[in-house]
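Here the structure is laid out as structure tokens; the discussion comes afterwards.
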Amino acid sequence: MLTRDARLVSFGVFTRRSTFISTVHGNTQGLKQNQLRRIEKIYSRRIAPQQIVTPEFARQLSELSHETNRQLGVLVDRKGYVEHVVVGDARRIELPDLRRTRVAADRFRGLRCIHTHLRGEELTQDDLTDLALLRLDLMAAINVDERTGLPGVVRAAHLLPAKANEIKDDENGDRTSQYVFLEPRQPSQLDVDFLQLINSLEEEIARNRRVARRSEGRDRVILVGVTTDSVTEAEESMSELRELALSAGIVVLDELIQRRQAIDPRTVMGRGKLDELIVRALRLGADLIVFDRELSPAQVRSISEATDLKVIDRAQLILDIFAQRAESREGKIQVELAQLKYLLPRLISGQDSAFSRLAGGIGGRGPGETKLETDRRRVRDRINRLEREIENLRSRRQERRKARTRREFPVISIVGYTNAGKSTLLNALTQSSVHAEQRMFATLDPTSRRLRLPREQEVIVNDTVGFIRDLPPDLLAAFRATLEEISGSDLLIHLVDASNPRWEQQIRSVEKILAELKYTEIPRLVAFNKADSVNAETMQAILRQASEAGARDCLAISAMNTESLPPMLTRVGEILARNLNESDHASRYSAKHEYAAHNA
């Protein structure tokens with residue numbers, strides 16, 4: 001036999017406490033005192049936890065909604081208690097903002113929304129957006145009969161957890177299967193065990209995360225590109241961001257690109273796209289969002305608060321890769337300096353939760369895991385110390401360069417975009433074993449080796465740090481001491497990955513950085529690497545296009561095939577000899593005129 005409480009729960013009239021919460025949210029203006037009092041009494045009702053809604057509860061909501069000609073809604077917790085009562089207008093209802101309350105990554109919010117529809121409509125896009133943004137357990141809408149005010153069918157939906165490979169684009173480019181819609185039924189015919197349903201969904205989310213962590217043990221990321229230019233360029237840039245993410249050792253779950261007339265100053269992307277991003281992140285179990293552009297501190301905070309996830313930009317991802325790769329003391333100092341300069345303007349008084357998520361993991365490696373809690377003065381002091389150390393390192397490098405100059409060895413530096421094969425080429429030329437790997441920024445510490453050219457001329461060959469588009473200025477400044485190795489070069493071998501469809505953009509990026517460093521006057525030879533990965537016809541077209549673009553000396557090689565290298569070495573010897581002759585001629589010309597001027 002049921003207890004009194006159990007009987008009352010089954011009829012939806014259980015009183016939680018002797019006095020109920022009286023706050024009614026939303027559009028209460030114009031309501032009669034009697035109507036407002038009856039709406040407030042909804043707080044005193046309770047739904048059996050296993051039920052989505054009881055017939056009695058649905059009838060009370062419907063009759064009040066019909067009488068006031070306004071949508072009514074409630075947020076109910078998993079024990080069946082009403083947490084919030086909301087009044088809307090005839091067309092929509094606006095739920096209170098619950099996103100400031102943190103929710104565990106593998107759980108929903110623990111609240112379901114039950115509200116009325118006065119026009120017999122399906123669940124609206126606003127309903128589904130609230131379901132996703134607020135991470136609600138369930139969204140249910142009760143149709144109200146226009147004539148009698150009695151409840152009609154109940155339409156309900158919940159989010160569906162998914163793995164990355166389960167999300168598909170439909171014909172219109174929209175993501176499908178984000179929601180599961182329950183069969184519309186009368187309140188008395190709803191036979192879904194709500195608690196069993198929500199527990200199984202959360203178990204699936206947790207299981208997906210455990211499997212991912214066990215198999216990968218890495219951060220799971222969604223890449224986001226927002227552009228005002230062409231989508232094609234954005235896709236190319238996104239492809240490079242994906243390579244960077246893979247080089248950083250993180251798992252790319254999904255990618256999202258939006259083209260806008262103007263960048264939103266607060267959230268970068270549009271509201272609709274941000275909502276879509278939140279849904280994807282929730283369903284896929286993402287830990288991190290990486291934007292393919294530099295974000296301001298305010299934008300990071302806004303997006304992080306909206307998504308409840310750690311948010312970093314392209315520059316910070318590159319800094320993290322450098323932090324992972326740095327092995328020498330010099331490399332670590334330079335990376336730490338760049339990170340601190342990057343983070344200094346992002347240190348704010350009273351660190352909020354958005355920035356506390358930046359510590360540790362991707363985007364938080366390197367100079368101590370607590371640097372975001374240190375105050376600005378201590379960070380500036382640390383920056384000053386690191387800059388003095390780098391200045392000392394610069395002095396030592398200059399001394400080493402002077403020593404090489406005294407021996408009169410010509411210096412050749414291999415420069416190029418990251419992952420073009422510079423270290424592999426150095427190994428092939430000098431029979432060395434410098435670490436080389438098929439990933440971005442595998443080399444951070446410059447390496448010098450001696451090489452004998454075909455004409456018995458000895459030279460020094462430098463392997464250098466790879467360049468990349470939009471290299472963070474702080475990183476470029478920090479590595480300036482290392483990049484000064486290039487300044488004393490007699491020749492630059494600009495190595496280009498011929499197999500990369502973006503080789504033209506990569507050449508422009510390298511040339512731009514060389515111009516910023518004021519190294520454009522150094523003679524160079526453009527060597528298109530990985531020629532064995534490109535058919536002969538395409539390779540000839542690339543060489544012809546490069547020549548037409550102004551490359552004075554260019555040829556094709558494969559660092560993996562030593563037989564392709566002698567023509568390049570011969571060309572190197574010819575360029576060095578030509579430059580030497582031009583230099584001698586210029587010196588003699590200058591001396592002759594100085595002598596003539598002196599005699600005059």
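Would you check if THR267 is hydroxyl-bearing (Ser, Thr, Tyr) and closer than 14 Å to LEU223 by Cα?
No.
Starting from residues that are aliphatic (A, V, I, L, M) and modelled with pLDDT of 90 or more, keep the ones in the range 537-558 and report whichever is farthest from GLU504 (Cα to Cα).
Among those that are aliphatic (A, V, I, L, M) and modelled with pLDDT of 90 or more, it is ILE557.
Can you say whether GLY110 is in the same structural domain as ARG155 (by TED's automatic domain parsing), at positive phi and at pLDDT below 95, as far as the supplied structure shows?
Yes, satisfied.
Output the residues belonging to the range 471-505 that are over 26 Å from LEU337 (Cα atoms) and in a helix (DSSP H, G or I).
TRP503, GLU504, GLN505
State whether the residues of the range 5-15 include one that is of a type in the set (Ser, Thr, Tyr) and either modelled with pLDDT under 90 or not assigned by TED's automatic domain parsing to the domain that holds GLU94 (or both).
Yes, the conditions are met somewhere in the range 5-15.
Every residue, every condition in (1) over 14 Å from the mean Cα position of the chain (by Cα); (2) among the β-branched types (Val, Ile, Thr); (3) at pLDDT below 90, yes or no:
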{"position": "ILE205", "(1), (2), (3)": "yes, yes, yes"}
{"position": "SER215", "(1), (2), (3)": "yes, no, yes"}
{"position": "ARG220", "(1), (2), (3)": "no, no, yes"}
{"position": "VAL226", "(1), (2), (3)": "no, yes, no"}
{"position": "MET238", "(1), (2), (3)": "no, no, no"}
{"position": "SER247", "(1), (2), (3)": "no, no, yes"}
{"position": "VAL251", "(1), (2), (3)": "no, yes, yes"}
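If I filter the range 24-44 down to residues being part of a loop (DSSP other than H, G, I, E, B) and either free of Cβ contacts under 8 Å to residues at least 24 places away in the same chain or within 45 Å of the chain's Cα centre (by Cα) (or both), which single residue comes out as surrounded by the fewest Cβ atoms within 10 Å (Cβ to Cβ)?
GLN29
Looking at the range 558-578 only, could you name the residues that are buried (at least 17 other Cβ atoms within 10 Å of the Cβ) and within 35 Å of the chain's Cα centre (by Cα)?
Residues satisfying the conditions are SER558, ALA559.
Within the range 167-176, identify whether any single residue is in contact with a strand residue (DSSP E or B) (Cβ under 7 Å, 6 or more places away or on another chain) and modelled with pLDDT of 90 or more, and answer yes or no.
no
Restricting to the range 478-490, count the residues that are surrounded by fewer than 20 Cβ atoms within 10 Å (Cβ to Cβ) and either touching a strand residue (DSSP E or B) at 6+ places or on another chain (Cβ under 6 Å) or more than 29 Å from PHE409 (Cβ to Cβ) (or both).
Of the residues in that region, 2 qualify.
Applying the selection to the range 288-314, what residues are hydrophobic (A, V, I, L, M, F, W, C) and either part of a helix (DSSP H, G or I) or touching a Gly at 6+ places or on another chain (Cβ under 8 Å) (or both)?
LEU288, PHE291, ALA298, VAL300, ILE303, ALA306, ILE312
Filter the range 222-262 for residues that are in contact with a Leu (Cβ under 8 Å, 6 or more places away or on another chain) and assigned to a helix (DSSP H, G or I); which is surrounded by the fewest Cβ atoms within 10 Å (Cβ to Cβ)?
ARG242
Anything in the range 456-470 that is surrounded by 21 or more Cβ atoms within 10 Å (Cβ to Cβ) and not in a strand (DSSP E or B)? List them, or say none.
Within the range 456-470, THR464, VAL465, GLY466, ILE468 qualify.
Kindly provide the set of residues from the range 315-349 that are within 16 Å of ARG385 (Cβ to Cβ) and either assigned to a loop (DSSP other than H, G, I, E, B) or of a type in the set (Gly, Ala, Ser) (or both), ordered by number.
Passing the criteria: only ALA338.
The values are calculated or read from the model by the stated rules, or taken from the named source; none is laboratory data. Just so we're clear, the structure is a prediction, and the values are computed from it rather than from any experiment. Cβ coordinates were reconstructed from backbone atoms using ideal geometry, including for glycine residues, and neighbour counts include every protein chain displayed.
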